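Have a look at the structure below before the remarks.
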Amino acid sequence: MSALAVRNLVKTYPNGVQALRGLDLDVPEGDFFALLGPNGAGKTTLIGIVTSLINKTSGEVRVFGHSIDTELAAAKSCIGVVPQELNINYWDSVENIVTTQAGFYGMTRRQAAQRAETCLKQLQLWDRRRDSGRSLSGGMKRRLMIARALMHEPRLLVLDEPTAGVDIEIRRSMWQFLREINRSGTTIILTTHYLEEAENLCRQVAIIDHGRIIERDRMSNVLRKLHAEIFVLSLREPLGAAPRLAGYEVSLVGDHEIEVVVTRQQDLNGVFAALTAAGIQVISMRNKANRLEELFLRLTAREPPTDGQR
Amino acid sequence: MSARTQAVALATLVRKECNRVFRIWLQTILPPAITTALYFLIFGNIIGRRVGQMGGVDYAQFIAPGLIMMQLITNSYGNVVSSFFSAKMQRHLEEMLVAPMANWVIVLGHTLGGVVRGLAVAAAVTVVALFFTRLQVANVLVTVSVIVLTAFVFSLGGLINAILAKNFDDVSIIPSFVLAPLSYLGGVFYSVALLPEFARQLSLLNPILYMVNAFRYGMLGVSDVDLGVAYAVILGFAAVLFAICLVMIGRGTGIRT
C-alpha cells in the first residue's frame, strides 16, 4: 500500500497563481522519501494539502488508503507534520506543547505524559520541559516540532525543511534520529535544500518544479545525472584572459578568478597539473553552486543564478 | 475518531484555554473587577444616591446585574478573539487543524474557554458589587442559565470575529464600535421604561437588552422585557452563531489557504 497517493492534484490560489498543475505522486509505505525542488516549485503547497492546511482545487489525495475528501479524520490520524515555519505557542511550556498536541489526537493525559517523556528524551529536550517555547534556541524549537509531530506515533511523518537554520552537529544527530524512526517502520517524506541531507537519508526522490513532478527515481539514479561540477579558483596573480587547459572548459570571471567545469570522467589533479605547468598559482577553491542547485538547473533547464540572485 | 477521542480532544482544548485565562489573570480577571468597582463608586454611590430607586430597587442594586453582564459580555467575547486570533497569527492554530478533531470540537472548545473567562470575571465582579450593595438571587435557574447562555453567545461572536480578522485592527473594531455601544444602551444603567416611546422601541432591537433584563429578573425579579422573548432571543443567537462558526471552520474560512 502507498503511504501517500496523489492523483492529478491541482491548486490555484485566489490570486491566480497555479502552484500545482496535475501532480501525481506515490510514496511507498516504509520509505524515506525526498521531495526536492526550487523555491516556489509547489512543495509546501503539496504538503499543506496533504496535511489539510491548504484546500485543494481538484484532484485526489490518499494517506494509507484514506481519502482526505471522505475519510479526513482517519487520514489525519496517520500523519505527523513538521512545518517549515515555526508554529509553536511561545508562551506555553515545552511539555504542555507536546501533551496538548497528543490530546488533540485523543491521547489521555496519562498516555500523553508517558509519551512526552519518550519523545522529549529522544530529542534531547527533556531537561527543558518546564521552559517556555520562546526560551528555546532555533535548533531546539525545530526539535520540539519534531517531538510534537511524533507524539501520536504517526505512520507517515512529513518534514518540511526540518533542519533549516540548525547547526551541523545537531543536524547530524537529527538525521540519526530520523533514520531510527524510519527503521522502526515510519514512512518519512522530507523536503530539504541540502542535497547532502537527502543523499544521506533518502532512498527515493521526486523533484517538483512548476507544480509538476519532473523526476521520480531512486536517489542514486538521480545523482548520476549530476555529471559535472563547476569550481571557482582564486589566483595569486591577475590574468588578462582565461588560460587554456587541455580538455577542460575554463572561463575568466574576474582578474583573479577562473571557473573550471569538471565532469565525472575528469579529475581535479588534471586541472592543477595544467595550471602548475602554465605557472598559475591557486590560493583557494570553492564550488560555484551547491549540488542541489546544479541538479535543479540541469533538470529544469534553467539559467544558472547570478551571485546577486542567490 | 470515536466519540471518546473527540471528548478527550475537547477536554484538552478547554483545559488549554482555561490555563491561559488563569495564567494571565492579571490581564483577564483583575481589570474588569477594578473597572466595576469604579462604576459602583461613581454611578452606584455618588450619582446613585441622588437617583434613588429604579425598577423598585436601589439604583446601585439595579445596575449590579447590568454591570455583571456587561463585563461578562466583554470578557467572553474578548477571550475567544484574543486566544484564537493570536493562535492564528503565531500559527499554532495549525496544531488543531492537522489533528483529527471534529469542527464542533474546535468551536465548542474555544467557546467554553470564553464562557469560563466570562463566568470567572462575573464572579469577581459580583464579589466587588457586594462591597457596594446588597445582592439577592430571586430565581437561581434563570440567573445561571442566562449568564451561561449569554457568555456562550458572545464567545461564539468572538470566534467569528477572530476567524474573519486579518489584522489587529479587525479584532478591536467590533468590541469598540458595536459591543460597547450596545452594552451601554442595553439597559445596564437605566430602565427602558424611562425612555420616550421611539427610543424604547429602538432599544428593543438591541439583543443585549434582553440578556441584561433576563439576568436582572433572575437576580432582582424585575425586568423590562418578557422572559420568554428574552430566552428566545438568546437561544436563537446561540444556535445561529454556532452554525455559522461550524460552517466557517468546515470551509476553512480565514484559517486555511
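The values are calculated or read from the model by the stated rules, or taken from the named source; none is laboratory data. As the structure is a computational prediction, the values presented were derived from the model and not from experiment. Using ideal geometry, Cβ is built from the backbone for each residue, glycine included, and neighbour counts are taken over all protein chains shown. Heavy atoms of the whole protein, side chains included, go into the accessibility calculation; ligands, DNA and RNA do not. Shrake-Rupley method; radii C 1.70, N 1.55, O 1.52, S 1.80 Å.
The chymotrypsin sites (Phe, Trp or Tyr not before Pro) found in the stretch B:74-145 that occupy coil by DSSP, while having at most 14 further C-beta atoms within 10 Å, are B:F131. Which residues does the label zone of B:A199 cover in the stretch B:214-249, counting backbone N under 16 Å from a point 7 Å along Cα→Cβ? Nothing falls inside the zone, counting backbone N under 16 Å.
In this structure, the amide hydrogen of A:E215, modeled 1.01 Å from its nitrogen in the peptide plane, lies closer than 5 angstrom to those of A:I207, counting only residues at least 5 positions away or on a different chain.
Of the residues making up the stretch A:94-117, those losing 30 Å² or more of accessible area when the isolated chain is joined by the remaining protein chains, with a 1.4 Å probe, are A:T100, A:Q101, A:G103, A:F104, A:Y105, A:G106, A:T108, A:R109. Here's the picture: charge each Lys and Arg Cβ at +1 and each Asp and Glu Cβ at -1 in chain A, and of A:A41, A:T276, A:A3 the one pushed furthest to the positive end of that dipole is A:A3.
Summed over qualifying helices (DSSP H, 4 residues or more, each -39500 (n - 2.57)) and divided by its residue number, the protein assembly as shown shows a 222 nm mean residue ellipticity of -16000 deg cm²/dmol. Taking a ≥ b ≥ c as the square roots of the eigenvalues of the Cα gyration tensor of the stretch A:122-176, is the shape rounded (a/c under 1.5), prolate (a/b larger than b/c) or oblate? It comes out oblate by the Cα gyration axes. Each chain gives up part of its surface: A and B jointly bury about 2500 Å² of accessible area, both sides summed, for a 1.4 Å probe. For chain A, the per residue solvent-accessible surface stands at 46 Å², with DNA, RNA and ligands left out and a 1.4 Å probe.
Extension gain for A:A164 to A:S58 (0.36 nm times residue separation, less C-alpha to C-alpha distance): 35.1 nm. Accessible area per residue for chain B is 42 Å², calculated with a 1.4 Å probe on protein heavy atoms, without ligands, DNA or RNA. To the nearest ten degrees, helix A:94-104 and the longest principal axis of the Cα atoms of chain A are 60 degrees apart. Against chain B, whose longest principal axis comes from its Cα atoms, helix B:227-251 is set at around 20 degrees. Working from label points 7 Å from Cα in the Cα-to-Cβ sense, the A:L239 to B:Q53 distance is 10.7 nm. Spin-label model, B:R256/A:D127: points 7 Å from Cα along the beta carbon direction are separated by 4.2 nm. Net length available on complete extension from A:S184 to A:A74 is 37.5 nm, with 0.36 nm assigned per residue and the Cα-Cα distance removed. Here the accessible area of the protein assembly as shown is 56 percent carbon and sulfur, with a 1.4 angstrom probe and all protein chains present.
Going by alpha carbons, how many degrees (0 to 90, nearest 10) lie between the helix axis of B:30-39 and the longest principal axis of chain B? Roughly 20 degrees between the two axes. Among the listed pairs B:K16/B:K166; A:K11/B:K16; A:K56/A:K141, a Cα-Cα separation exceeding 26 Å is found for A:K11/B:K16; A:K56/A:K141. Basic side chains Lys and Arg get +1 at the Cβ, acidic Asp and Glu get -1 at the Cβ, and with that the dipole of chain A about its Cα centre reaches some 820 debye.
Spacing of the modelled spin labels on B:L182 and B:L227, each 7 Å from Cα toward Cβ, amounts to 2.5 nm.
Phi angles of the stretch A:147-156 translate, via the Karplus equation with coefficients 6.51, -1.76, 1.60 and θ = phi - 60°, into HN-Hα couplings of 4, 4, 5, 8, 4, 9, 6, x, 7, 10 Hz per residue; Gly and Pro are given as x. For chain A, a Gaussian network of Cα nodes joined below 10 Å ranks A:A75, A:A228, A:A19 by mean-square fluctuation, and the top entry is A:A228. Among the trypsin sites (Lys or Arg not before Pro) in the stretch B:41-142, those located in a DSSP loop and surrounded by at most 16 other Cβ atoms within 10 Å of their own Cβ are B:R91, B:R134. If R0 is 22 Å, the Cβ-Cβ spacing of B:A243 and B:M89 corresponds to a FRET efficiency of close to 0.25. Note on A:45-53: average number of Cβ atoms from other chains within 10 Å of each residue's Cβ is 3.
Backbone N atoms of the stretch A:3-22 closer than 17 Å to the 7 Å Cα→Cβ label point of A:I214 belong to residues A:18-22. A dipole drawn for the stretch B:138-257 from +1 and -1 charges on Cβ atoms has a positive end, and of B:S183, B:G236, B:L164 the residue lying farthest that way is B:L164.
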